[in-house]
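No value in this document is a laboratory result; all are computed from the given coordinates. None of these values were measured; they are calculated from a predicted model. Cβ atoms come from the backbone with ideal geometry, glycine included; neighbour counts cover every protein chain shown.
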Amino acid sequence: MSSSIPAVSLSGVTKHFGAVQAVRGIDLTIEPGEVVAFLGPNGAGKTSTIDMMLGLSEPTSGSAQILGLEPRDAIARGLVSAVMQTGGLLKDITVRETVAYTASLFVHTRDIDDVLAEAGITGIADRKVEKCSGGEQQRLRFAMALLSDPALLLLDEPTTGMDVEGRRTFWSAIRSDAQKGRTVLFATHYLEEADQYADRIVLISHGKVVADGSGSEIKSLASGRTVRATLNQPDTAALASLPGVDNVEVRGESVYVHAKDSDVVARYLLNETSARDLEITAQGLEEAFLNLTGDAT
Amino acid sequence: MSATTIDPTQRRVPPLGGFNLTMLGIEMRRILRNRRAVIFTLIMPVILYLIIGTNSQYTGDKAGSGNVSAYILISMAAYGAVLATTSGGAMVATERALGWSRQLRLTPLSPIAYVMVKAIVALFLGLSSVLAVNIVGLLNGKAEMPTHVWIAAGVIAWLGSIVFGAFGLFVGYLLPSENVMQVLGPALAGLAALGGLWFPIKSDSVLGHISACTPIYGLANLARWPLYGGAPHLVWILNLLGWLIVFVAGAAWRMSKDTARV
């Protein structure tokens, strides 16, 4: 078996379009079975990077490997598939024909009816693609991606056009799928989606990886936490001198201390002062995201 | 098979670049389900022949080894074949505009196998069109020409129309839209008139010189050549080959410029 071979391995990958540097040096290794979110604002280079993983474009420099193979070779063997944002469907054939057409191109394919059922489109199998709603078309793309039983699934903004319920069903399908060992990488600019459904978030901005870790790691990495306590006449100078503290604010009976290491602040407040009702809050991922991508105003 | 058992070394690449009969069958069904394609390539040339070609004046007039009805029958078969292959070529551009070509790049299908399937579908539609006109002409009984002329003219009209597959591809790339045939339809009708498919053009007139430079001229004359016999004029062959080169080069040029993400 190939457990030691990473599902995705990018080293020093760059992509230039004329004078525009879409990707400016990305190193990334994804192990088999990981569910990774590629999080970043529009234009961060997510799609350009995914295109290189799929062999749809060549890196300007650096190399991209999928399961130890060249991307085109991995595609020819049905080892990697992708769900694209929009388009990519013929309008004048039925849902079933679309799946059968795609299946016929691979050597190794799953049963068409099983895949239709898994994607929840058995009921519309004989409907023309042009008559399907945006959400139904997206589920059809998902079915097409599952056909070859890929080891790696790349999803580019997969839930665009889905309603809340569709989104939930989609992600529960993806999660249960990943438990069977499939590696999933999805691009999104929905912070919540990345935080909720990925084991690991790779934050990219301006064509570079700016953070890489779990949702909570990313959040704390961005800006630490805020410690609030009820305390009369706090010694603000002493609080400000604690390691990692970047802001101290007094509002009425409460003191707010913002710090990279909230533990130090909490320990100080509880041990050295008469502080009570202590609360520690992390800032939302949204705020962290804006701080890290440098797009905060 | 669940994902846990995926072993990359066990996965194989399909033979023939992914070419297979399932996809070919679906492609054939697609084109036959396309009402506009069927009306324009299979029905219209037949109706045009029945309206123009079976005129009692034409059935009596001789043209080479047959009559004028036969001349018009060959012209209409060539027109149908040209429409068929042009729409076949333009279909590629339509699929590109829809993002389907990009989707196919996420499968093992090789670009060569894809173009081959498209060519087979276009030739299939072209053959259907040529057969429709010829069968109706045969049953109708007004056209008269020796059997070997029927066959030779039909085969030349059919195979010569391949040139227009490249034409459809080229224009499709220039005007990537789902409705490219709405532009190509009238354009082809005009080119057919200039090429001498609608009415004979005197070769020593000004119009005749213009005609000889237009793309359908070569095919029209080559398809009718078996009716007259003798040696084919060099200018017919040069016309057909010249335009083939122009269209293939044009399509290749547009394809190479095609770095847009669609």
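Only Cα pairs under 8 Å and 6+ residues apart enter the sum, and on that basis the relative contact order of the stretch B:180-262 stands at 22 percent.
Taking a ≥ b ≥ c as the square roots of the eigenvalues of the alpha-carbon gyration tensor, the stretch A:87-166 is classed oblate because a/c is 1.5 or more while a/b is no larger than b/c. What is the sum of charges, Lys and Arg at +1 and Asp and Glu at -1, for the other residues whose Cβ falls under 12 Å from the Cβ of A:Thr188? Neighbourhood net charge equals -3. Quick one: grab the alpha carbon gyration tensor of the stretch A:38-87, order the square roots of its eigenvalues as a ≥ b ≥ c, and give me rounded if a/c is under 1.5, else prolate or oblate depending on whether a/b is larger than b/c. Because a/c hits 1.5 or more and a/b fails to exceed b/c, the stretch A:38-87 counts as oblate. Springs between alpha-carbon pairs under 10 angstrom, Gaussian network model over chain A: which of A:Ile26, A:Ile124, A:Ile75 fluctuates most? It is A:Ile124. Where in the stretch A:86-113 does the amide nitrogen come within less than 11 Å of the point 7 Å from the Cα of A:Glu130, taken along Cα to Cβ? Correct set: A:91-93. In this simple spin-label approximation, B:Ile43 and B:Cys213 carry label points 7 Å from Cα along the Cα→Cβ vector, and these lie 3.8 nm apart. Nearest 0.05, what FRET efficiency do B:Leu138 and A:Val107 give at R0 = 45 Å with Cβ-Cβ as r? Between B:Leu138 and A:Val107 the formula returns 0.45.
Taken residue by residue and averaged, Cβ atoms of other chains lying within 10 Å of the Cβ of A:88-94 number 6. Peptide B:8-17 is shielded by partner chain Cβ atoms: per residue, an average of 6 of them sit within 10 Å of its Cβ.
Residues whose amide H comes within less than 5 Å of that of A:Glu31, counting only those at least five positions distant or on another chain, are A:Ala7 (H built at 1.01 Å from N in the peptide plane). The string of couplings for the stretch B:237-249 from the Karplus curve (6.51, -1.76, 1.60, θ = phi - 60°) is 5, 4, 4, 5, 5, x, 5, 4, 4, 4, 5, 5, 5 Hz, one whole number per residue in order, with x for Gly and Pro. As a calculated quantity, the FRET efficiency between B:Val155 and B:Gln10 at R0 = 41 Å, using C-beta atoms, amounts to about 0.30. Neighbouring Cβ atoms from other chains, within 10 Å of the Cβ of residues in A:147-158, number 2 on average. The phi torsions of the stretch B:91-108, fed into the Karplus equation with coefficients 6.51, -1.76 and 1.60 and a -60° offset, translate into couplings of 4, 4, 5, 4, 5, 5, 4, 7, x, 5, 4, 5, 4, 5, 6, 8, 10, x Hz, rounded to whole numbers, with Gly and Pro shown as x. Evaluating 6.51 cos²θ - 1.76 cosθ + 1.60 at θ = phi - 60° for every residue in the stretch B:200-208, the Karplus couplings come out as x, 10, 5, 6, 8, 8, 4, 4, x Hz, glycine and proline recorded as x. Can you tell me the FRET efficiency between A:Lys180 and A:Asp246 if r is taken as the Cβ-Cβ distance and R0 is 41 Å, rounded to the nearest 0.05? So the FRET efficiency works out to roughly 0.40.
The mean sequence distance of close C-alpha pairs (under 8 Å, at least 6 residues apart), as a share of the length of chain A, puts its relative contact order at 20 percent. Which shape class, rounded, prolate or oblate, goes with the stretch A:8-219 when its Cα gyration tensor gives a ≥ b ≥ c as root eigenvalues, a/c under 1.5 marks rounded, and past that a/b bigger than b/c marks prolate? Cα axes put the stretch A:8-219 in the prolate bin.
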